[in-house]
Each structure stands twice: as structure tokens, then as C-alpha cells.
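In what follows, a single structure is set out as C-alpha cells and then discussed.
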Amino acid sequence: MCWRLSAVFVAALLASPRSSSADTYVLSDDGGLGRDFDGIGGLSGGGATSRLLVNYPEPHRSQILDYLFKPNFGASLHILKVEIGGDGQTTDGTEPSHMHYEDDENYFRGYEWWLMKEAKKRNPDIVLTALPWSFPGWLGHGKDWPYDFPDVTANYVVKWILGAKKYHDLHIQYVGIWNERNFDVKYIKLLRYTLDKSGLEEVRIIASDNLWEPIAQSLLLDPELSGAVDVIGAHYPGTVTVPQALKTLKKLWASEDYSTYNDAMGAGCWARILNQNYVNGQMTSTISWNLVASYYEELPFGRCGLMTAQEPWSGNYVVSPPIWITAHTTQFTQPGWTYLRTVGHLAQGGSYVALTDGKGNLTVVIETMTHDHSACIRPPLPAFNLTSQTATFNLRGSFASIKELQVWRSQFNFKTQKPSFFEKLTAVKLVNGSFTLDLAEDEVYTLTTVTTGRKGSYADPPPSARFPKAYKDNFDVQDPPFSEAPNFADQTGVFEYFVNTTDPGPHVFTMRQVVTQRPVTWTADADQTISVIGDYKWQNLSVTCDVFMENVKNGGIFVAARVSKGGQDVRRAKGVFFWVFVNGTYKVTSDIGGQAVLAEGKSGTEAFTWYTLSLTVEGQKATGMLNGKVLWTNSVQLQPPNGWAAIGTASFELAQFDNFSVVAE
């Protein structure tokens, strides 16, 4: 979930006078060290959030990946978390399962495999973690519940991990239970047993990717469960934990956090929680939802990634401020470093953390984000005061002999609207192990012995451009690098490249909707399948597609224009939907549910026959054609006024599409 924060109400804030005397803070390992640092990460998936990234042309795609994963360049992430696709809608789209059906296995669907390999290519030490959001319908036996047969679910997840290893040489290090849903104790124990039995003893379990209390209390009461779980993962913890979680002595992670519009205020949220998740809550890892905003912006929570890459047709991308706020920590620490115990809050607001590799290196990160410039999407941020201040840091213990620290600074400058992110300053010379900083409001500093930091850059990407007004795809890809056709964003169901070997005629290579049973849902999937494409601002457009229905009993298929909703709101999608059915009828509706009927009649359509559907919407007039002949015309009030083009089916059923085209004014 994502939130845009307005600067209007804070535009008049003035910087407070600087403190006349410095507050003093000691950084020392004399009394021992704190918790081990596990890294900063990004989450791909949890709603098909990297969907458009794979379609980017080179070199722009590799540049985006470098900003995310390349060490000492951009965000330099330590952790990549991915969704284990389950065929269901999980915020902004669906991701395909490796097992659509019980007797089906395919470890080349989707783009998460590719993304993990690209991340590993740039950083061989990156930590890979995975989590299911939805599950294929066969696993739930018709219920929205995957735990009635916990051994089946455990085997399903373990097969994904084994597939990652066997087919892609990817070693998953952590796996979760079920995103933001109730956990099942028996299932967690069976998952641990199944992992061990499969030779995956090194794979650690995170639970429960929801709230602190239920799982922490269960771990305290059940030693066997405690032995199965290695990490307690909480979502959007607001930088605090609970006593029960601390008592477990487990690693504590903010296993999903941030989720805020990626402008400067979103970066302020990210800066504050990266420090204070540890200072306040002893969390040793923070993972951003999402990794990269690479989905149509008008889907729910647009631009909530660490950076934005939503225009593969133009090649344009935006290196957003959260990338550089991430770099303040990630470029100067690594998993396996350790927090000092001497971390905390600054006297006039803000926080500081310090970490060491145990080999003499020290990194200090300081943030002075004000309340109104660092609110995240959730939970609500309690009021606090912060003013400009002067701070002196005294290095003691094994750090007392450090003579110089590299300095990197970000200044948000909300008043002047001229921010400066991740700027390298002159190194600071320590006097008797001490240094002093004048800290203004809304700044981030890194002071470190690490000298390899770098603000990476490439030539500016191509300028932003709208989706092409004329677009075609005949799906004639004989060796597809991905299972999805470019730019189609599945919102319910899964649409995959398909090779038609049974008397195909001219339709050898097609796109096929393959989910035949409603999945174990995470959010409100529609009862129909739908994949959207194009420009949300389109008003007047023509959509044409060859269609082939395979459901003999009650099959149906549609093309649509001006589709208004997607993601977790897809059930409420409005537009103009032109349906034909195997019973020889057609229908035109203004909703995806097919209830608001604008026109209907006889079409003569049947199963296992190719037809060409065309839908033209212009102003308040819509026309539908079947095989080049007008079947209906409607001139009623058409709402909404704009939206995507789309294709889909009347239920979860097999159906094929070919020779898709859209032309917009």
C-alpha cells in the first residue's frame, strides 16, 4: 500500500536556530555489541510489481538493475524478496504458479527467476527470500485456505525452492508462510520437516509476515515451533516491537515496510525507519514494498517502489530519492556486521545507529527527519518534535584510534525544494576520537571508514512518453524469454504464451488463459479473468483480437475498452466489455461482472472456433464487430470516460487469443 504526502501543509516551516551547545554521544564497543545486522532489501511481487521491468530494452533494463543491486553504485541492496506466484491477484496483478494444476510443474514461468539471477549476477552475496501470497485453486480444494492439507502445501512450497536450485542455480535462504494471513502451527512444523527431508536444512523459516504478537506468543509456548522458526517477520511495525517478540531471542525483521510514494517525503519515511527500526524495535532487517514501481501507475499504490520503471515502450525510468537514502546504509555495511549497543535518539530529535564489521571498520548513520516529512503509509506516526542541533560523537573502545571518516550527506531542503541526495563531502578529521556535526532538520549523514562508496550514474534515459497509440502483438514468439507477452498486466487469471499443436491453422503461436479454478485468494480476485494493457487515459480507441473458446459448457470471452480498475480493486472494474459465448450469444456490459447490460443478442459463436472481435469506443458511441461485420451499436451514456484496453474470459477457463491490436486517438 502506498501514500502520497503533500508538501503544502509544511511549506511554511522554518528551520529552528541551531543549538548553542553540542549534545554528546559515545560510540563504543567496550560493553559488548548489539544484534547482528541482516541487511536492507526490496520486495519484488506482492502484486506483480516488477511486471513491466522485463520488457525494457537494453541498455536501460540493465541500468535499472544496476541502480538496484550493483554494489557501491546505487541502492546496493543486500536482500531480494520475491513472491512465490500462486495465480491469484496480490495487489497490482497476478503472478503465475509453478503448479497451475496438481500434476503440473514448470519452473520457467514468470519473471522472478530472471530477476533473482540478475540480482545474483550483480551481487553474488545477495540474500534471497521468498513468500507466498496466493495459492493455486487445486491446493485449497475449493476453499480460501491452504492448511487443510498442510503436507500438500509444504510440498508445493518446497518444490518451488528445489526448482529454483535445480533449474536456475538459485539458493533460497529464507521462506515465509502466507503473507499477512493467519498462520497454522502444524503447517509451519511440517514445512520445517519437509525442508529438512529434502536436503534444505540451510533454508530458514520466517513467520508470520503479519503481526508480532500471535506468532511471538506461540513461539514462547511451543518449543517445537520455536525450533522451526528462525526469524519473526512483522509488516509495517511503526519502528516498534513487543515484549513477547524480544523474549523469543529470535531475529526480528520488518519483513515488509515503507510502501510509500517515492518522492522526497517517501524517502524521508524510508530514512527514518531504516534507523529507528533498530533503535526502537531491535529489527535487524528492513525490506521495502516494493523493489521497483514497474507496473501501470494507475493500478493501486502507483510509484511505491524504491525507484520507478513503468515505461518499457519509451525506456524512461526515474532514479527516485529512496535509492540514495538506501545507499546511506547499504554501501557502507553488509549482512554479518553488528550494531553497536551505543545507538539511540538524538537529544533534539532524530536518531543514530553505528555498525562494525569486527575488523576495525565503523559506519555511523544519522537522520534528522521531521514528523511532517517522514510519515509512512502506516501505521500513523505519533507526534514528535525535532529541531536543528549540534552533536558531538566520541569514539571509544576499539574505535578510539580512528583518525578520519568519510562523509556522505543528503539534504531534503523542503523549504527551497532543492534537495541534494547522497553527496560526498570532505572527510572529517577526528580530534581525540571525536567529531562534531551541525545537524539541520531533514538530513541524513553517513560517516564511515569504508572508502568504496559511490554515487553511480548513467546518461539520462530517454524522455517519458505515453503508451503507443497503435500497438500490435501476434504472439509469434517461438522461444519466449518469459511466459507473459510484453505489456499485458494480468489482473485475474494467468495469460501465457502457448504453442497450438492441435490443428492450429494460422494460429500456431497464441496467448492462452490457463487458470481453470479460482485460486486461494489473497485479495478480491474477480470471478472473470482479465489482462489490461495500454494507456489509462485512452478515451477513443479500437480493440481487435482473434479469440478461441475452449470451455464447451458455458465458456465466454471478451475484449474491453476504458477499463477503470485493476489490482485489488479489479472486481469493481467498469468500462465497455464486449462478450461472446459458446451458446451462440453476445452481451455488452459496463462492468466486468457482466451485470450492467447495455446490449445483448445472438452471435452464432461456439467453442473451438476462431473469431475476430472488434470493439470501437468513440465518445458516447460503442460498436462491436464479429468477423468484420457489425454485430451491435450502442449510443447510451458510457462510463467511465477513459481507461485501459483489456482481454479476458467469463470465468476461470481455458481460452486463446491471437493477433491483438489497439488503436487510440
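All of the numbers you see were taken from the coordinates with simple rules; none came from a lab. Just so we're clear, the structure is a prediction, and the values are computed from it rather than from any experiment. Cβ: placed from backbone, ideal geometry, glycine included. Neighbour counts: every protein chain shown.
With the cut-off at 1.5 for a/c, could you classify segment 522-638 from its C-alpha gyration tensor as rounded, prolate or oblate? Here segment 522-638 falls in the oblate category.
For segment 470-664, the square roots a ≥ b ≥ c of the C-alpha gyration tensor eigenvalues yield an a/c under 1.5, which makes the shape rounded.
Protection proxy ranking of 76-87, 546-557, by the mean of other Cβ atoms within 10 Å over each peptide's residues and highest first, is 76-87, 546-557. Net charge in the neighbourhood of SER44 (other residues with Cβ under 11 Å of its Cβ; Lys, Arg +1, Asp, Glu -1) is -2.
Cross-linked pairs LYS166/LYS189; LYS574/LYS621; LYS166/LYS186; LYS418/LYS455; LYS166/LYS251; LYS469/LYS537: Cα-Cα separations exceed 20 Å for LYS166/LYS189; LYS166/LYS186; LYS166/LYS251.
What is the Cα centroid distance between segment 289-329 and segment 384-427, reported in whole angstrom? Distance between centres, Cα-based: 26 Å. So what's the net charge close to ALA271: Lys and Arg +1, Asp and Glu -1, counting the other residues with Cβ under 11 Å from its Cβ? Around ALA271, the charge tally is -2.
Tell me the relative contact order for segment 470-664 as a rounded percent, counting alpha carbon contacts under 8 Å between residues six or more apart. Relative contact order for segment 470-664 comes out at 31 percent. Between 0 and 90 degrees, the angle of helix 264-281 with respect to the longest Cα principal axis of the chain falls at about 60 degrees. Against the chain, whose longest principal axis comes from its Cα atoms, helix 321-330 is set at around 50 degrees.
Excluding ASP591 itself, what net charge comes from residues whose Cβ is under 13 Å from its Cβ, given Lys and Arg +1 and Asp and Glu -1?
Numbers: positive: ARG562, LYS565, ARG571, ARG572, LYS574, LYS587; negative: ASP527, ASP569.
Around ASP591, the surrounding residues sum to +4.
The aspartates and glutamates within cross-link reach of LYS415, meaning a Cα-to-Cα straight distance under 14 Å and a gap of 8 or more places when in the same chain, are ASP372, GLU441, ASP442, GLU443.
So I have (1) 93, 61, 50; (2) 91, 73, 60; (3) 89, 57, 40, and one of them is Cα extents along the principal axes in Å calculated from this model. Which one is it? From the options (1) 93, 61, 50; (2) 91, 73, 60; (3) 89, 57, 40, the structure gives (3).
Beyond 19 Å between alpha-carbons counts as too far, so tell me which of LYS120/LYS165; LYS70/LYS429; LYS565/LYS602; LYS472/LYS587 fall in that bin. Listed pairs above 19 Å: LYS70/LYS429; LYS565/LYS602; LYS472/LYS587. If R0 equals 25 Å, the separation of the Cβ atoms of HIS345 and LYS415 corresponds to a calculated FRET efficiency of about 0.55. Only helices enter the 222 nm calculation for the chain: every DSSP H run of n ≥ 4 contributes -39,500 (n - 2.57), and dividing by all residues gives -5000 deg cm²/dmol, rounded to 500. Taking each residue as 0.36 nm, the span from TYR458 to THR436 lengthens on full extension beyond its C-alpha to C-alpha distance by 4.5 nm. For the chain, the longest principal axis of the C-alpha atoms and the axis of helix 60-69 are separated by about 40°.
Kindly rank 288-300, 272-284, 193-205, 175-187 from highest to lowest mean number of other beta carbons found within 10 Å of each residue.
288-300, 272-284, 175-187, 193-205
Could you tell me the center-to-center distance, by alpha carbons, between segment 614-647 and segment 228-256 in angstrom? Segment 614-647 and segment 228-256 have Cα centres separated by 52 Å. Remark: the ALA596-ASP169 segment gains 148.7 nm on full extension, using 0.36 nm per residue and subtracting the alpha carbon distance. Which of the chymotrypsin sites (Phe, Trp or Tyr not before Pro) found in segment 367-429 are in a DSSP loop and have at most 16 neighbouring Cβ atoms, other than their own, within 10 Å? In loop regions of segment 367-429 (DSSP not H, G, I, E or B), the sparsely surrounded chymotrypsin sites (Phe, Trp or Tyr not before Pro) are PHE384.
By DSSP, the beta bridges lying fully in the chain are antiparallel in about 75 percent of cases.
Which aspartates and glutamates, on any chain, are close to LYS359 with Cα under 14 Å apart, when same-chain ones fewer than 8 places away are left out? Once the sequence-local aspartates and glutamates are set aside, what remains near LYS359 is ASP29. Highest average first, the peptides 424-430, 315-321, 495-501 ordered by how many other beta carbon atoms sit within 10 Å of their residues are 315-321, 495-501, 424-430.
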